[in-house]
Amino acid sequence: QVQLVESGGGLVQPGGSLRLSCAASGSIFSINAMGWYRQAPGKQRELVAAITSGGSTNYADSVKGRFTISRDNAKNTVSLQMNSLTPEDTAVYYCNLRQRRTQGSNFAYEYWGQGTQVTVSS
């Protein structure tokens, strides 16, 4: 079993900052990627940022230069520092874990957190 527990969401004014954190527990494999997705009401869930166990990162174009993803492999945690927030960043943010048993495995396990609300408003 794998559990993802998120924290750090809330209400912030435009231009402000928030830091989201996610802690993974359970059977975590060494080959994995953790990331953040977000979904606004009536919209598709989209990738915000992701980071592999090797440290490679990927960001949505809309957040590049504003958001920074990081992780602590020893603690199986991932964080998302969000700066210069705008109302368009308002969404439920979900922590995601995707992992494989071996490098050559053709099957990946995927898990999702419960989600944490981020609201950017005056």
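The values are calculated or read from the model by the stated rules, or taken from the named source; none is laboratory data. All values reported here derive from a predicted model rather than from experimental measurement. When we count neighbours, we look across all protein chains shown, and the Cβ atoms used for this are built from the backbone with ideal geometry, even at glycine. With ligands, DNA and RNA removed, areas are computed over all heavy atoms of the protein, side chains included. Shrake-Rupley method; radii C 1.70, N 1.55, O 1.52, S 1.80 Å.
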Any residue at all in region 76-97 that is without any contact (Cβ under 8 Å) to a residue 40 or more places away in the chain and not charged (D, E, K, R)?
no
Test: residue in region 108-122 that is assigned to a strand (DSSP E or B), open to solvent by less than 50 Å² (accessible area, probe 1.4 Å) and either at pLDDT below 95 or within 14 Å of C22 (Cα to Cα) (or both):
yes
When every residue in region 64-102 that is among the acidic types (D, E) and outside any strand (DSSP E or B) is compared, the one farthest from I51 (Cα to Cα) is E88
Across (1) open to solvent by less than 80 Å² (accessible area, probe 1.4 Å); (2) within 19 Å of E6 (Cα to Cα); (3) in a loop (DSSP other than H, G, I, E, B), S105 clears everything bar (2)
Per the list (1) hydroxyl-bearing (S, T, Y); (2) open to solvent by 60 Å² or more (accessible area, probe 1.4 Å); (3) closer than 23 Å to Q1 by Cα; (4) at pLDDT 95 or above, residue check on S56 breaks on (3)
